[in-house]
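Quick notes on the structure that follows.
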Amino acid sequence: MPRTRLSICQRKQRFASEEEAMRAAIAATIDLRPYRCDRCGRYHLTSRLKGKRRLPVA
Ligand SMILES: [Zn+2]
């Protein structure tokens with residue numbers, strides 16, 4: 001079962017690669033994590049930290 005809801009996928013910004021998503025996450029003022037979406041196969045950002053790996057400290 002997909003963990004990403006279609007409605008969430010559709011309204012979220014999409015990134016073609018994890019690197020691109022990571023860059024946007026680092027640039028953001030709030031704490032975000034990139035994750036691969038199993039709906040569209042691209043990357044989105046989430047502010048939910050549970051179960052997400054932490055970004056390496058720059
Ligand atoms: Zn998606």
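The values are calculated or read from the model by the stated rules, or taken from the named source; none is laboratory data. Note that this is a predicted model, so its numbers are computed, not measured. Keep in mind that these areas ignore ligands, DNA and RNA; they rest on the heavy atoms of the full protein, side chains included. Shrake-Rupley method; radii C 1.70, N 1.55, O 1.52, S 1.80 Å.
Tabulated results
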| item | result |
| --- | --- |
| Carbon + sulfur, % of accessible area of region 6-46 - ligands and nucleic acids excluded, 1.4 Å | 46 |
| Heavy-atom surface of region 6-46, accessible at 1.4 Å and reported per residue (Å²) | 64 |
